[in-house]
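See below for the structure under consideration.
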Amino acid sequence: MSWTLMIHGGCGAMRPASLPAETEEQARAGLTAALDAGSAVLDAGGAALDAVVAAARVLEDDPSFNAGRGSVLTAEGRVELDAAVMDGRDRRAGAVAGLTTTRAPILAARAAMETSPHVLLTYEAADRFAREQGLEQVDNAWFVTPARRAQLDTVMEAGGAFDTDIKYGTIGAVAVDEAGHVAAATSTGGLTAKRWGRIGDSPLIGCGTYADDRACAVSATGLGEAFIRAVAGHQLAMRMRLGRQGLQVALDAVLADVGALGGSGGLIAVAPSGEAAWGFTTPGMYRGLARNGGERTIAVYSDR
C-alpha cells in the first residue's frame, strides 16, 4: 500500500500582496524540510506516528511558525506551548499544555502517551515530567524572537485585542503509512496576548488533534475556541464513520460548523485508504503534501 503525509504551518491573513517574499520563502523552505523528514520515515517503511512526529519537530524548531521557537507571547510576555499526538491504531493519545522550558513539545506529548498513564499533562508539572524523560530543556527566552516580541507590543498597545490580520501559526501533520494506519500531531504557541492560562484546541484530543484507523487523522489550525466548541477533529471522523461522508465533504462541513460558531481556520486530514484533504476559511494556509513515488505539493494561498 502507498503512504501519504500532509502538513500545515498555520493559516491566516496571508495574501500575495501583503506577505513579504522573504517570509513566504522561509516558510516554504520549512515546509519542504518537514516533508523531507516525515517522508524519509515513511519511505523506509516506518509508522505514521513516527512520521508525523518527525515532521512536527522540524516545524517546531523553525521560527517561521507559531510552535516551539518563534511562538507567540502571552500577555505576561512569555511563551507557553501546547502539543498533542494520537495513534489511529489503538487511539492512544498524549498531550501537553503550558510548557515553558521543554524544547520539543511534541516529544513531550509522545512521552505522555507512551510512558505515563495519563493523556494530558499541564504547566510546570508537564515540564517536570519532560525533564524526567530526559527531554532537552531551555530557558523560556530561547523560544522568543524579536518579531514575536514586536507583535505582542502591537497587540498590547491596542488594548490586548486580536486584530483582523491575525495569523494562526499552529503546526500539524497527519499521515497514513504503508500498513494503512493513521496518526496526527499538532503543536502551537497559542494566541498572542493570551491570558489566564488559556489552552486552545491543539492539545485537546478530538478538537485540534484526532486519529482513528476507522476513519481518519486530523490536525487543525485557527481560532481554537471555535474548534473546541465544534469538537472539530472528532466531528470530522464521525461524519465519515457514522454519516458515511467522504473525507473532503466531511472536512468542508466541519469548517462550515466552525464558521457558524464565529471561528475561522483550516484542517488537514488523511484516511486509511490514502485519501487526503485540506481546507481553510482564511486567505491562506501554509500546507504541504507528499506521497510515495515522489508526488509533492507545497502551497500557501488558495491557488498556489
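Shape of the chain from its Cα gyration tensor (a ≥ b ≥ c, root eigenvalues): rounded if a/c is under 1.5, otherwise prolate when a/b > b/c, or oblate? Walk me through the numbers on the way to the answer.
Details: a/c = 1.40, a/b = 1.20, b/c = 1.17.
Rounded, because the longest to shortest axis ratio a/c is under 1.5.
For segment 153-254, what is the accessible area per residue in Å² when the probe is 1.4 Å?
36
Where the only charges are on Cβ atoms (+1 Lys, Arg; -1 Asp, Glu), what is the dipole of segment 1-121 about its Cα centre, to the nearest 20 debye?
Roughly 240 debye for segment 1-121.
Under 8 Å for C-alpha pairs, at least 6 residues apart: give me the relative contact order for the chain, rounded to a whole percent.
Working: 856 pairs, mean separation 77.4, N = 304.
In percent, rounded to a whole number, it is 25.
Give the ranking of Asp43, Asp252, Asp127 by solvent-accessible surface, highest area first, calculated with a 1.4 Å probe.
Largest to smallest exposure gives the sequence Asp43, Asp252, Asp127.
So, with a 1.4 angstrom probe, what is the percent of accessible area on segment 216-304 that is carbon and sulfur? Before the final figure, lay out each step's value.
Values: 1700 of 3320 Å².
Of the solvent-accessible surface of segment 216-304, carbon and sulfur hold 51 percent.
Positive end of the charge dipole of segment 1-98 (Lys, Arg +1 and Asp, Glu -1 on Cβ, about the Cα centre): tell me which of Thr4, Ala33, Gly77 has its Cα farthest that way.
Thr4
Write out the GluC sites (Glu not before Pro) in segment 118-224 meeting two conditions: DSSP loop, and at most 12 other Cβ atoms within 10 Å of their Cβ.
Glu136
Let me check against my output: what whole-number percent is the relative contact order of segment 1-133, with C-alpha pairs under 8 Å and at least 6 apart?
16
Can you tell me the relative contact order of segment 154-304? Whole percent, Cα pairs under 8 Å, sequence separation 6 or more.
The normalised contact order for segment 154-304 reaches 18 percent.
Does segment 43-123 come out rounded, prolate or oblate by the C-alpha gyration tensor, with a ≥ b ≥ c the root eigenvalues, rounded set by a/c under 1.5 and, if not, prolate when a/b is larger than b/c and oblate if not?
Note, shape of segment 43-123 comes out oblate.
How would you rank 35-41, 219-225, 262-268, highest first, on the average number of other Cβ atoms within 10 Å across their residues? Before the final figure, lay out each step's value.
Numbers: 35-41: 20.4, 219-225: 28.4, 262-268: 23.1.
So the peptides 35-41, 219-225, 262-268, ranked by packing, come out 219-225, 262-268, 35-41.
Under a Cβ-only charge scheme (Lys and Arg +1, Asp and Glu -1), can you give me the dipole magnitude of the chain about the Cα centre, in debye to the nearest 20?
Details: 27 positive and 35 negative charges, 97 e Å.
Roughly 460 debye, rounded to the nearest 20.
How many percent of the accessible area of segment 39-155 is carbon or sulfur, using a 1.4 Å probe? Please report the intermediate quantities before stating the final value.
Values: 2180 of 4430 Å².
Carbon and sulfur: 49 percent of the exposed surface of segment 39-155.
Can you grab the distance from the C-alpha centre of segment 61-91 to the C-alpha centre of segment 186-257, Å, no decimals?
If we compute the Cα centre of each part, the gap is 16 Å.
The values are calculated or read from the model by the stated rules, or taken from the named source; none is laboratory data. Just so you know, these numbers come straight off a predicted model, no measurement behind them. Neighbour counts are summed over all protein chains in view; Cβ atoms, including those assigned to glycine, are modelled from backbone coordinates with ideal geometry. Side chains are part of the model used for accessible areas, which takes the heavy atoms of the whole protein and leaves out ligands, DNA and RNA. Shrake-Rupley method; radii C 1.70, N 1.55, O 1.52, S 1.80 Å.
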